[in-house]
Amino acid sequence: MTSKHQVDTSEPQILEEEPLQGADLFCGSGGTSTGILKAARQIGRAIDLLAINHWPVAIASHSLNYPNVRHLCESLDNVDPRRQAKHLHVLAASPECTHHSGARGGKPCSEQSRATAWHVLRWAEGIAIDNILIENVPELVSWGPLDDKGRPIKSKKGRIFDAFINSLRALDYNVEWRVLDTADYGDPQNRKRMIILCRKGWPVIWPATTHADPDDCPEDKLPWRAAREIIDWSLPSRSIFGRPRPLKPNREESC
């Protein structure tokens, strides 16, 4: 048994079973894939992972970090999931979030960019998938139709999000969603993200938080980590303060 200040670093024994099958849609440099691979190791299983992105830079970065993962540099519009796998134990997806985020300010939104989340449903319809994890900005919950100027129709906010969730449930998934703060799970930053979990034949189980606000941290949690713990201060850099063009504040209006 370990105390709250100790971490079990022992490597679990990899079981001699058929590898799990997984896919990381919209992969970046590898954050989501890191979680998938780590989770597989924790249960003693190997996993064959497919990472897909249309952007060559993302695939190049991911390939450098994970040379043993199968990579596909292709737009998901052109990818037939049935040609990639017959069955997946886990599918993770981080659809484009720029046109949902309030950080865009008052700029018009692109319906095509916002629709990338529907690729998840296309994969779930095309092949058998046991577990689906979707990550996006919290504003995704207000996903609704746009007017002819590319602005959200306030009276219809959330309608497309509800349709998306109901479509997953229509495929016999148990679906739940929450907005989680990454700091509560040991990440050295407060970053809130919408997490949607879908499981077929099993209830959704949310992981317990491991960290908490240092000003109100219970005995069984660790205090939030500070960004200074992971920054290499010896590297030269430019401050975000004193920029010629200052950062714009977030606006509440989202797509």
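We did not get these values from a lab; they are worked out from the coordinates using the rules stated. The structure presented is a predicted model; accordingly, all values stated were derived computationally and were not measured. Note: ideal-geometry Cβ built from the backbone for every residue, glycine included; neighbour counts use all protein chains shown.
When S167, S234, S239 are checked against the criterion of being surrounded by 11 or more Cβ atoms within 10 Å (Cβ to Cβ) and not acidic (D, E), S167 stands alone in meeting it.
Among (1) within 21 Å of H89 (Cα to Cα); (2) part of a strand (DSSP E or B), there is one condition L180 misses while meeting the rest; what is its number? Failed condition: (1). Say whether the condition of being of a type in the set (V, I, T) and not in a loop (DSSP other than H, G, I, E, B) is met by at least one residue in the range 225-243. Looking through the range 225-243, none of the residues is of a type in the set (V, I, T) and not in a loop (DSSP other than H, G, I, E, B).
Okay, residues lined up against (1) within 23 Å of A124 (Cβ to Cβ); (2) in contact with a strand residue (DSSP E or B) (Cβ under 7 Å, 6 or more places away or on another chain); (3) not in a strand (DSSP E or B); (4) not aromatic (F, W, Y):
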| position | (1), (2), (3), (4) |
| --- | --- |
| E18 | yes, no, yes, yes |
| Q21 | yes, yes, no, yes |
| D24 | yes, yes, no, yes |
| S29 | no, no, yes, yes |
| T32 | yes, yes, yes, yes |
| I36 | yes, yes, yes, yes |
| A40 | yes, yes, yes, yes |
| G44 | no, no, yes, yes |
| D48 | yes, yes, no, yes |
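In this structure, does T116 turn out to be surrounded by 14 or more Cβ atoms within 10 Å (Cβ to Cβ), among the β-branched types (V, I, T), under 30 Å from E229 (Cβ atoms) and within 20 Å of the chain's Cα centre (by Cα)? Here the answer is no, as T116 does not meet what is asked.
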